[in-house]
Amino acid sequence: MPVIRTSRSGKRGGLERFPLLPLRDMVIFPQMVVPLFVAREKSVSALEMAVNSGRNIFLVAQRNAVTEEPSTDELYETGTICQILQLLKLPDGTVKVLVEGKHRGVIVAFIEQRDCLLVDVQEVKEPSIPTEDAKAHIRVVTASFESYLKLNSNSSQDAMDAIKAIQDPGHFADSLVAHVSMKLPEKQQLLSTISPIERLEKLLIHMEAEIEILQIDRKIKSRVKKQIEKNQKEYYLNEQIRAIQKELGNKEDFKQEIRELEEKSRTIPLSNEARTKAEGELKKLNYMSPMSAEAAVVRNYLEWIFSLPWGKYSEERQDVPAAEAILDEDHYGLDKVKERILEYLAVQSLVPVMKAPIICLVGPPGVGKTSLARSVARATGRNFVKMSLGGVRDEAEIRGHRRTYVGSMPGKIIQSMKKAGTSNPLFLLDEIDKMSSDFRGDPSAALLEVLDPEQNAIFSDHFMDIDFDLSRVMFITTANSLHAIPRPLLDRLEVVRLEGYTEQEKLHIAKDHLLPKQLKSHGIQDLNVAFNDSSLVEIIRHYTREAGVRSLEREIANVCRKVARSYVSGTRKKFIIRPAQVREYLGARKIMPSTLEAGDNIGVVTGLAWTETGGDLLSIEVAVLPGSGKLTITGKLGDVMQESAHAALSYVRSRAQLLGLARDFHRNYDIHIHVPEGAIPKDGPSAGITMATAIASALTGMLVRKDIAMTGEITLRGRVLAIGGLKEKLLAARRGQVKIVIIPKDNEKELLEIPSDLLKGLSVRLVSHIDEVLTCSLRGYLELTPTERRPQIRASGITTTAISH
């Protein structure tokens, strides 16, 4: 007895029973005439039953084309009721059948027979749609199909003519499927879509996507074709060039060049890695056309390899007294730097091979950092090479570009080594604090490998792509300040500070170095020209304000130009340059030294400041006004100095009772702190005690001594902290005719390194607490202090270094 399985639809009314023919990789639509070749036994039996019972059969696609005997679950539910038009049995047992699709149908039930499978099918009727909608959809789909045919080489224009004759939207959609490239699931989805409008819309979406793919495909093919044509053309032209070169004999020149490169690879003491790389590139060059672009790249790379100073070392001077004489000849002062270089030479004389130091010379502009590096090179017998890092922001300037880029070159490190000609030069990295970084990389990070003695023996440039030994290079870097140098880079440097010059040192430098140099460069060294010391002091004091001597050299050059003009014009033949002549040549005095106040003042204190161009006097003024406790700070101060002002005020408030002030005095007054010369940015932790003294003076009405200047930072508990730039600040005090200088006690050790002539006439007071500062600077402070506090203040440990030479 047959077994019946009902499908999920469960429909029963209006059913028809047909033999079932499963299809592989094919979906039959209504109105479609298709020839089929049937070989499976059940399928042949289904055809025979259909022929014997009205020639109608139900065709449905199977989900997996590989399955030989598909089960009912492996068949789609929606198929096509077809009529058999022709049936022919072939000798091999295969049946050829011609079928025509009639209607859509949905399987309701399966009836399993011994020879074949029968199905109960519910015929699907298409809904009627308005004529205007049908025409509009057909028109849009037709236009898209025309574009599709133009791009698809597998379709013909006859398909378009056949499609245009169809007016029924459902028939139109079903007929169009046969001419569009679609996968089986997509076709089955269209077959399952009952509404003709929906089928047309799905077809439109599919064709638009196919059109876009075909357009991209055509572009790719066109691009590839052009490239192939270009390559064929280049190949043809290159063959012609080869033939011409062969006739002219240029090929022999290229071979000779290769032989020369091979000879260099054998004679130059390359490293093992460099030799392997060079031999590989030479082997490639042998097979290249001499005129090809790649051959030029390879030749350039090989030339860079062979131009580096592999194994070349200059003989380093180890005579310490001779080196000391050279350094003293070239530079006056700078004892700390000279001592460090002589120590290095002394150790080198005892150790045959040692890692060269990485020295960083830090100091204001014009103190001779660059010229000192040249002198060190001369003293040590090394070749000198310089690389300026000011404004460098591209990492490739240090490490080079990779050879894949057009116009690539090695970085400045490798270029400078080629220029030096030896593997142990003195390499000056100038202005290391002026580097910056952007989207092209961080050059300071690239310098880490260069300046690390543990790594620079295997420095690798991106262009060279081989290790080069920098371990015997003596690197000297220069900077104006340390705060702009990244910490990881600073960690690899040995910092040696070059403070500014005293007036006496500048006078020596001008007489022994600058003046002879400028007289020679202006061609007046053989004339009767004499500069006395007072004229040079006049230029130093009143025409320059700097820590170094760069402006001093410019002003001396200015005087020399005036002398040269007077001599050439014949107005004078003898020149004795006195201060009056200096003013005549250079005009009115440009700079008047910073001076102290005319007398003792209330709320005005002289501080000492350090800038990148040296030290200076800094007058701090405080005004107390009726108000509500507002603190105003003016004078273009940085964040650190503003914090110092707040800390100073907080300390004075905490000592209000000691100073004889009301505990809530700050509620009734506004305090205004002003630092004149506001156009000059000022920042640094050294004005705390100056501000505290000025605030205390303004609030108590006590006078501040006019002949005193001070520097030091303050804590909320009144402790005085150490400062930097002591030598420059003492220089400023000397220029300003200060008699007493207050500095933190923590800076006492630095006084030992200050030249004695700089301290001449200065009384240096070492303090550790703000009470000691107020005791020294405020007149009447001890009388204001309660009796029980006076012994404590007097015995608080103020150290006075009164130096009078």
Grab the Cα-Cα distance for Ile228 and Arg55, subtract it from 0.36 nm times how many residues apart they are, and report the gain in nm with one decimal. 56.5 nm
For an R0 of 45 angstrom, estimate the FRET efficiency from the Cβ-Cβ distance between Glu279 and Glu339 and round to the nearest 0.05. 0.40
Roughly what % antiparallel, to the nearest 5, for the DSSP beta bridges in the chain? 60
Sort 573-582, 299-308 for me by packing, meaning the mean count of neighbouring Cβ atoms within 10 Å per residue, highest on top. 299-308, 573-582
All-pairs alpha carbon distance profile, the range 218-347, 10 Å steps from 0, percent: 10, 23, 16, 16, 14, 9, 9, 3, 0
Selection from Gly587, Ala623, Leu703 lying farthest towards where the dipole of the chain points positive, charges on Cβ: Gly587
So what is Rg over Rh here for the range 443-519, counting just Cα atoms and using Kirkwood for Rh? 1.18
Can you tell me the alpha carbon radius of gyration of the range 623-758 divided by the globular rule-of-thumb value 2.2 N^0.38 Å? 1.11
If you find the alpha carbon centre of the range 390-418 and of the range 514-545, how far apart are they in angstrom? 43
What is the set of long-range amide H partners of Leu661 at a cut-off below 5 Å, with H atoms built 1.01 Å from backbone N? none
Using amide H atoms built 1.01 Å from N in the peptide plane, name the residues 5+ places from Val119, or on other chains, whose amide H lies under 5 Å from its own. Phe18, Leu20, Ile111
Distance (nanometres) between label positions extended 7 Å along Cα→Cβ at Ala162 and Gln240: 5.1
Test of understanding: what is the full-extension gain from Ala143 to Asn272, defined as 0.36 nm times their sequence separation minus their Cα-Cα distance? 39.5 nm
What distance in nm separates the simple spin-label points at Glu503 and Arg24, each placed 7 Å from Cα in the Cβ direction? 11.1
When the helix-only estimate is applied to the chain (DSSP H runs of n ≥ 4, each -39,500 (n - 2.57), divided by the residue count), what is the mean residue ellipticity at 222 nm, nearest 500 deg cm²/dmol? -13000 deg cm²/dmol
Rg/Rg_ref, the range 311-419, where Rg_ref = 2.2 N^0.38 Å and atoms are Cα: 1.29
Round to the nearest 0.05 the FRET efficiency obtained for Ala346 and Arg259 when R0 = 56 Å and r is the Cβ-Cβ distance. 0.70
Expected output is a single nm value to one decimal: the length gained when fully extending between Lys749 and Leu716, i.e. 0.36 nm times separation in residues minus the C-alpha distance. What is it? 9.4 nm
Grab the eigenvalues of the alpha-carbon gyration tensor for the chain, scale each by 5, take roots, and send me the semi-axes largest first in whole angstrom. 95, 45, 25
Rounding to the nearest 20 debye, state how big the charge dipole of the range 48-145 is about its Cα centre with +1 on each Lys and Arg Cβ and -1 on each Asp and Glu Cβ. 480
The range 719-747 scanned against label point 7 Å out from Arg589 along Cα→C-beta; backbone N under 17 Å for 732-738
With +1 on each Lys and Arg Cβ and -1 on each Asp and Glu Cβ, and nothing else charged, work out how big the dipole of the range 683-727 is about its Cα centre, in Debye to the nearest 20. 140
Beyond a 23 Å Cα-Cα separation, which of these cross-linked pairs lie in this structure: Lys630/Lys739; Lys312/Lys418; Lys369/Lys517; Lys255/Lys312; Lys412/Lys434? Lys630/Lys739; Lys255/Lys312
Would you kindly work out the equivalent ellipsoid of the range 1-130 from its C-alpha gyration tensor and give its semi-axes, the square roots of five times the eigenvalues, largest first in whole Å? 22, 18, 14
On the accessible surface of the chain, probed at 1.4 Å, how many percent belong to carbon and sulfur atoms? 51
Could you give the size of the charge dipole of the chain about its Cα centre, using +1 on the Cβ of each K and R and -1 on the Cβ of each D and E, expressed in debye and rounded to the nearest 20? 2180
Long-range Cα-Cα pairs in the range 103-165 (distance over 20 Å), rounded percent: 58
Here the alpha-carbon Rg of the range 483-642 over 2.2 N^0.38 Å rounds to 1.46
Once amide H atoms are placed 1.01 Å from N in the peptide plane, what residues at a sequence separation of 5 or more from His769, or on another chain, have their amide H within under 5 Å of its amide H? Val720
Rg to Rh, two decimals, where the range 75-224 supplies the alpha carbon set and Rh follows Kirkwood: 1.05
Could you state the accessible area per residue of the chain in Å², with a 1.4 Å probe and every protein chain left in place? 50
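The values are calculated or read from the model by the stated rules, or taken from the named source; none is laboratory data. Please read all numbers here as calculations on a predicted model, not as lab measurements. For neighbour counting, all protein chains shown are included, and Cβ atoms are generated from backbone atoms with ideal geometry for every residue, glycine included. Note: areas computed on protein heavy atoms with side chains; ligands, DNA, RNA excluded. Shrake-Rupley method; radii C 1.70, N 1.55, O 1.52, S 1.80 Å.
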